[in-house]
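*Asks:* So that we are looking at the same thing, I have put the structure below in structure tokens.
The values are calculated or read from the model by the stated rules, or taken from the named source; none is laboratory data. For clarity, every value in this text was computed on a predicted model and none was experimentally measured. Positions of Cβ are generated from backbone atoms using ideal geometry, with glycine treated the same way; all protein chains shown enter the neighbour counts. SASA here: full protein model, heavy atoms, side chains in, ligands and nucleic acids out. Shrake-Rupley method; radii C 1.70, N 1.55, O 1.52, S 1.80 Å.
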Amino acid sequence: MTQLDLATLHEAVAEAVPDRECLVWRDRRLTWRAVGERTRRLANLLHGHGLGRFAAPTQPWVSNHDHMALYLHNGPEYLEGLLGAHKARVAPFNVNYRYVDDELSYLFADARPRAVLYHARFAEHVRRLDLAADVLLLQVADESGAPLLPGALDYEAALASSHDGPVPVQPTADDLHILYTGGTTGMPKGVLWRIGDLLNGPLGLRRRDGMPITDLAEAVAAARQSPNRVLVCPPMMHGSGTWTALGGWCGGAAVVVPGIVDRLDAADVFGTVQRERITRLPIVGDAFARPLVAELEAGAYETGTLRHVLNSGAAINPVTKARLAGLLPGTRIIDVIGSSEGGFQMTRSGAGDAAFKAGPGSGVLSADRTRLLEPGEDELGWLVKSGSIPLGYLNDPGKTGDTFFAIGGRRLVAPGDRARLLADGGIELHGRESTTINTGGEKVFAEEVEAVVRAIAGVSEALVLGRPSERWGSEIVAVVTVREPLTDEELKAACAEKLARYKIPKKFVRTELGLRLPNGKADYVTAKTLMGEP
């Protein structure tokens, strides 16, 4: 199937609606023409430094591109970086700005970037990385006022010195886009998406009947008619933020970024909704929904243009969702289930907890992973996706083979969710089998946290679990046996040296009981009992 690519599509839409707003942040209002020119300048800069795509890949876990790291808060530069990289046939990848040095070192060693686009506030972290001498450093000025790193280029000055003419390479739908995830894969793994599959999958370049749009003229005609204005609240360093923004662009929408980007500020969000006449608002579970509900209840905002609230990445408490629905009577609330590996797989609308409706290519695989289930078969299987799915995990043939496979000649991805296919075709989700904990929209792999806690002097054993939390959806709890009397504050401080803040356990439960089964495996049943209720 012929597919489109992001760079070609954006250039075509920019030619069709050059003076329409494309990207808005604070007092910056960039038209489609301006974004096109700026991203061509970036692409020509990358190409001029010898970056691009080289020989065809030999395996689904191998990249045939140079890579560019995006180490940024939300803002115009993030989206310019994504688009400019694709115009130069460079594969961009996301960097979680909450990572500490050890986590960053692992990520950069795995991704091996040839260029890093970063906010000045992260300059010291970049300086401490073991990067090759020829890596192109592009530093984006911010409120920190941090000086340029030695050898780095100021982003705006570099764009000004480049040119906005055609880039001397032709992007294709086979070019790669890398999304790093810390979900069921343990340490961060780079999911390799063909950009054509990303467009027809998570970015939603499809007709109303669910069929992918593969004709450029058809895609541009639809974009020309779009009235949408999308406010991107989730961090673009996660799939939900990036996909919302790029999906908006693929449909011709203006993408708007809240003024405050280092945290969720509910007043700023609804002030922007009102001022910019936002039509679509993505959120991430209760960590977003609860403060937004509180702000709506406390203040008066004009939200009549807001047609859709899209929730993904974490669940919303039904009571909170009902309150939100009551405060936004003209707005449709849609829950979206997806993953970095599967894209958006299922949806449901309204304030209730009805079964999910399967998206294109979604289904349920039998528990033994040998066949696709038929509606109504009473078996708890695995949620799977076919069609527009990734190739595999960067540098990891083992994980690629475990997660991406074929049944009856049909290529599938099974991210790890258990599910049941109902008689009416709806899907009942039962959650992950793994020890992944979703806290405030962030995915945390329990074994990573356990390894850090166990390494603390005075700790003998540790198991890490998620416990229901009204604020976070799930909060991280560590059940520990200790040799020395350590306080929670001391344990958290030790964790902070190795872990991003959101991965640090909210509570430590101490026990003298063994936390291992006779076969040496972790006894999570006992740990869960000891953890207790919030």
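*Asks:* For residue 82, state whether it is in contact with a strand residue (DSSP E or B) (Cβ under 9 Å, 6 or more places away or on another chain), closer than 25 Å to residue 260 by Cβ and open to solvent by 10 Å² or more (accessible area, probe 1.4 Å). Step through it out loud before you land on a result.
*Replies:* On the way: in contact with a strand residue (DSSP E or B) (Cβ under 9 Å, 6 or more places away or on another chain): yes; closer than 25 Å to residue 260 by Cβ: yes; open to solvent by 10 Å² or more (accessible area, probe 1.4 Å): no.
Judged against the criteria, residue 82 is not a match.
*Asks:* Among (1) of a type in the set (A, V, I, L, M); (2) assigned to a helix (DSSP H, G or I); (3) more than 16 Å from residue 80 (Cα to Cα), where does residue 56 come up short?
*Replies:* If we test residue 56 against (1) of a type in the set (A, V, I, L, M); (2) assigned to a helix (DSSP H, G or I); (3) more than 16 Å from residue 80 (Cα to Cα), just (2) comes out false.
*Asks:* Looking at the structure I just gave you, is residue 229 at positive phi and surrounded by fewer than 23 Cβ atoms within 10 Å (Cβ to Cβ)?
*Replies:* no
*Asks:* Would you tally the residues in the range 415-439 being small (Gly, Ala, Ser) and either surrounded by 21 or more Cβ atoms within 10 Å (Cβ to Cβ) or farther than 22 Å from residue 356 by Cα (or both)? First the steps, then the outcome.
*Replies:* Step one: list which residues in the range 415-439 are small (Gly, Ala, Ser), which gives 416, 419, 423, 425-426, 431, 434.
Pick out the ones that are also either surrounded by 21 or more Cβ atoms within 10 Å (Cβ to Cβ) or farther than 22 Å from residue 356 by Cα (or both) and you get 419.
Total meeting the criteria: 1.
*Asks:* Within the range 468-491, restricting attention to residues that are closer than 23 Å to residue 445 by Cβ and assigned to a helix (DSSP H, G or I), which residue is most open to solvent (accessible area, probe 1.4 Å)?
*Replies:* 488
*Asks:* Of the residues 507, 528, which is closer than 24 Å to residue 442 by Cβ, surrounded by fewer than 17 Cβ atoms within 10 Å (Cβ to Cβ) and touching an Asp or Glu at 6+ places or on another chain (Cβ under 9 Å)?
*Replies:* On the way: 528 fails: touching an Asp or Glu at 6+ places or on another chain (Cβ under 9 Å).
Selected residue: 507, the only one of 507, 528 that is closer than 24 Å to residue 442 by Cβ, surrounded by fewer than 17 Cβ atoms within 10 Å (Cβ to Cβ) and touching an Asp or Glu at 6+ places or on another chain (Cβ under 9 Å).
*Asks:* Working only within the range 388-406, note down all residues that are within 30 Å of residue 2 (Cβ to Cβ) and surrounded by fewer than 16 Cβ atoms within 10 Å (Cβ to Cβ).
*Replies:* 397, 401, 405, 406
*Asks:* Return the residues of the range 370-392 that are in a loop (DSSP other than H, G, I, E, B) and under 28 Å from residue 195 (Cα atoms); say none if nothing qualifies.
*Replies:* Taking the range 370-392 as the starting set, the residues that turn out to be in a loop (DSSP other than H, G, I, E, B) are 370-371, 373-380, 387-391.
Correct list: 387, 388, 389, 390, 391.
*Asks:* For the range 180-196, enumerate the residues that are open to solvent by less than 20 Å² (accessible area, probe 1.4 Å) and either out of contact with any Pro (no Cβ under 8 Å at 6 or more places or on another chain) or farther than 17 Å from residue 236 by Cβ (or both).
*Replies:* Hits for the range 180-196 are 183, 185, 186, 188, 190, 192, 196.
*Asks:* Does residue 39 qualify as being of a type in the set (S, T, N, Q), at pLDDT 95 or above and surrounded by 23 or more Cβ atoms within 10 Å (Cβ to Cβ)? Working first, answer last.
*Replies:* Working: of a type in the set (S, T, N, Q): yes; at pLDDT 95 or above: yes; surrounded by 23 or more Cβ atoms within 10 Å (Cβ to Cβ): yes.
Answer is yes for this residue.
*Asks:* Across the range 394-444, what is the total count of residues that are assigned to a loop (DSSP other than H, G, I, E, B) and in contact (Cβ under 8 Å) with a residue 40 or more places away in the chain?
*Replies:* Of the range 394-444, the ones assigned to a loop (DSSP other than H, G, I, E, B) are 394-396, 408-409, 414-416, 422-426, 433-435, 440-441.
Now drop any that are not in contact (Cβ under 8 Å) with a residue 40 or more places away in the chain, which leaves 394-396, 414-416, 422-426, 434-435, 440-441.
Total satisfying the criteria: 15.
*Asks:* Scan the range 135-165 for residues that are assigned to a helix (DSSP H, G or I), closer than 18 Å to residue 51 by Cα and of a type in the set (Gly, Ala, Ser) and jot them down. Steps first, please.
*Replies:* So in the range 135-165, the residues assigned to a helix (DSSP H, G or I) come out as 155-161.
Add one more test, that the residue is closer than 18 Å to residue 51 by Cα, and what stays is 155, 158-159, 161.
158, 161 - these are the residues of the range 135-165 that are assigned to a helix (DSSP H, G or I), closer than 18 Å to residue 51 by Cα and of a type in the set (Gly, Ala, Ser).
Let's see how each residue does on (1) under 21 Å from the mean Cα position of the chain (by Cα); (2) farther than 27 Å from residue 278 by Cα; (3) not charged (D, E, K, R):
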residue	(1), (2), (3)
53	no, yes, no
74	yes, no, yes
88	no, yes, yes
98	yes, yes, no
101	yes, yes, no
105	yes, yes, yes
112	yes, yes, no
123	no, yes, yes
128	no, yes, no
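*Asks:* For the range 62-112, enumerate the residues that are within 13 Å of residue 190 (Cα to Cα) and in contact with an Asp or Glu (Cβ under 8 Å, 6 or more places away or on another chain).
*Replies:* Selection gives 91, 96, 108, 109.
*Asks:* Let me ask something else about it. Collect the residues in the range 197-222 that are part of a helix (DSSP H, G or I), surrounded by fewer than 24 Cβ atoms within 10 Å (Cβ to Cβ) and of a type in the set (A, V, I, L, M), keeping them in residue-number order.
*Replies:* 216, 217, 219, 220, 221, 222
*Asks:* Of all residues in the range 363-384 being of a type outside the set (Val, Ile, Thr), surrounded by 13 or more Cβ atoms within 10 Å (Cβ to Cβ) and out of contact with any Ser or Thr (no Cβ under 9 Å at 6 or more places or on another chain), which is farthest from residue 420 (Cα to Cα)?
*Replies:* Ranking the candidates gives 369 first.
*Asks:* Hey, another quick one. Would you check which residues across the range 246-259 are of a type in the set (A, V, I, L, M) and either in contact with a Phe, Trp or Tyr (Cβ under 8 Å, 6 or more places away or on another chain) or assigned to a loop (DSSP other than H, G, I, E, B) (or both) and list them?
*Replies:* Looking only at the range 246-259, we keep the residues that are of a type in the set (A, V, I, L, M), and these are 246, 253-257.
Scanning the range 246-259 gives 253, 255, 256, 257.
*Asks:* Same structure again: For residue 451, work out the one condition from (1) closer than 29 Å to residue 95 by Cβ; (2) surrounded by 19 or more Cβ atoms within 10 Å (Cβ to Cβ) it doesn't fulfil.
*Replies:* Against the list (1) closer than 29 Å to residue 95 by Cβ; (2) surrounded by 19 or more Cβ atoms within 10 Å (Cβ to Cβ), residue 451 comes up short only on (2).
*Asks:* Now for a different question. Which residue, of 527, 457, 494, 462, is farther than 23 Å from residue 313 by Cα, in contact (Cβ under 8 Å) with a residue 12 or more places away in the chain, in a loop (DSSP other than H, G, I, E, B) and among the small types (Gly, Ala, Ser)? Give the steps one after another, and end with the answer.
*Replies:* Working: 527 fails: in a loop (DSSP other than H, G, I, E, B); 494 fails: in a loop (DSSP other than H, G, I, E, B); 462 fails: in a loop (DSSP other than H, G, I, E, B).
Only one candidate qualifies: 457.
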